[in-house]
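Remarks on the structure that follows.
The values are calculated or read from the model by the stated rules, or taken from the named source; none is laboratory data. If you're wondering where the values come from, they're calculated on a predicted model, not measured in any experiment. Ideal geometry is used to build each Cβ from the backbone, glycine not excepted, and the neighbour counts take in all protein chains shown.
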Amino acid sequence: MKLTKITACIIFMGATFISCSSDTDDGSSDTGTDTVVVDVEQSNFVSGVSITTVPCTLSDGTVTDCYQIETTGAATDHQMGPWCPDNIADDATAGGIWLEGGVVYDVDGAFVQNMATFYNDNTWLMYDANGDIYTTDTEQECIDAANPNVGTAYQNFCVECLPSYITNLTTTWVIPVTPVLDVTYNFATGPGGPMGGTTGPSTRGIALNGIEFSAPAPVSNILAAYTLAPFDDAGGHINVNQGYHYHAATGISTEIAQADLHSGLIGYAMDGHGIYGRLDSNGDAPTDLDECLGHYDDTRGYHYHVDEAGANNFINCLKGAYAL
């Protein structure tokens with residue numbers, strides 16, 4: 001891990017006076033302290049993630065080096081799935097999870113059986129007389145059912161898109177090697193933008209296995225179509241255009257432990273600042289996070305802590321400049 005200390009000093013000759021100041025995590029100056037900036041460390045990513053150094057321009061105009069990160073859109077450090085149980089008698093090992101109201105629920109057979117009560121809507125009935133759950137079985141059904149305007153064709157279906165549907169997909173991300181604190185950037189709504197001004201990308205960051213930390217899943221749209229698109233136990237699911245991507249951090253993807261009991265590194269935000277787990281080794285969450293869910297310490301510099309898994313969220317905004 002490369003640490004860069006940035007210190008601005010004014011020295012008046014003829015008198016012994018040295019004044020040093022540096023940027024703090026909120027962009028202000030703090031006399032007498034150094035600001036630690038931690039570069040993105042290429043070796044933190046799992047084997048198989050392709051990383052090259054490319055020139056880039058950041059949103060604040062900085063011309064610098066970035067890492068271009070390419071993956072196949074599939075996780076290699078843990079199993080993907082399962083998502084949908086087959087029958088209402090199945091236990092939690094047969095299905096994934098659902099995020100609702102800040103809570104993580106196991107999508108087992110009983111959860112599917114109880115959907116009408118859970119959402120107080122008798123339209124929900126996702127299984128037949130034998131208790132078998134209606135599930136998408138083909139790639140085309142996956143594509144059709146994932147369309148928010150699907151109508152009634154897949155009403156009461158559990159949508160399960162399989163890794164075999166994304167064998168030819170390549171996903172590319174570009175993040176600055178050295179983070180640059182800047183204004184606060186709110187995330188764009190929807191994949192790909194629009195960006196500009198203080199609006200950044202919609203993608204929150206990249207896990208250490210190269211998988212996207214995605215924007216919140218459109219749960220309201222999914223439920224409005226009377227479909228259920230569960231996440232697997234790692235907080236991810238598959239879209240054939242996007243590949244496998246996460247909507248929650250559940251502690252399954254690669255995490256790098258910290259020597260000082262701080263929560264582990266799980267990835268990098270699109271501005272290059274580290275994203276760490278929510279809880280430290282004692283099970284405590286930080287209490288001094290800013291509006292983006294970030295703060296500063298002398299070991300990791302400015303960094304983020306991921307939101308609770310049930311929140312369908314990772315971080316709230318970016319404090320640093322992102323690659324254009």
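Assorted remarks:
- The set of residues in segment 253-270 that are within 13 Å of the chain's Cα centre (by Cα) and either crowded, with 24+ Cβ neighbours inside 10 Å or aliphatic (A, V, I, L, M) (or both) comprises LEU265, ILE266, GLY267, TYR268, ALA269, MET270.
- Checking every residue in segment 79-95 against the condition of being part of a strand (DSSP E or B) and not basic (Lys, Arg) gives at least one match.
- Any chance SER220 is on the phi < 0 side of the Ramachandran plot and at pLDDT 95 or above: no
- Taking first residues from segment 250-267 that are farther than 18 Å from ALA285 by Cβ and partners that are surrounded by fewer than 20 Cβ atoms within 10 Å (Cβ to Cβ) and of a type outside the set (Val, Ile, Thr), the Cβ contacts under 8 Å between residues at least 6 apart in sequence or on separate chains come to ILE252/HIS78; SER253/ASP77; SER253/HIS78; THR254/ASP77; ILE256/ASN44; ILE256/GLY264.
- Only one of the numbered conditions (1) in the same structural domain as ILE222 (by TED's automatic domain parsing); (2) at pLDDT 95 or above; (3) β-branched (Val, Ile, Thr) is not met by VAL174, and that is (1).
- ASN316 being of a type outside the set (Asp, Glu), farther than 17 Å from ALA259 by Cα and modelled with pLDDT of 95 or more: yes
- For beta carbons closer than 9 Å, sequence separation of 6+ or different chains, a first residue in segment 110-130 that is more than 17 Å from ASP86 (Cα to Cα) and a second that is modelled with pLDDT of 95 or more and surrounded by fewer than 13 Cβ atoms within 10 Å (Cβ to Cβ), the qualifying pairs are ALA116/ASN122; ALA116/THR123.
- Tally of residues being in a strand (DSSP E or B) and modelled with pLDDT of 95 or more across segment 56-78: 11
- Test: ILE275 is within 22 Å of THR35 (Cα to Cα), buried (at least 17 other Cβ atoms within 10 Å of the Cβ) and among the β-branched types (Val, Ile, Thr): yes
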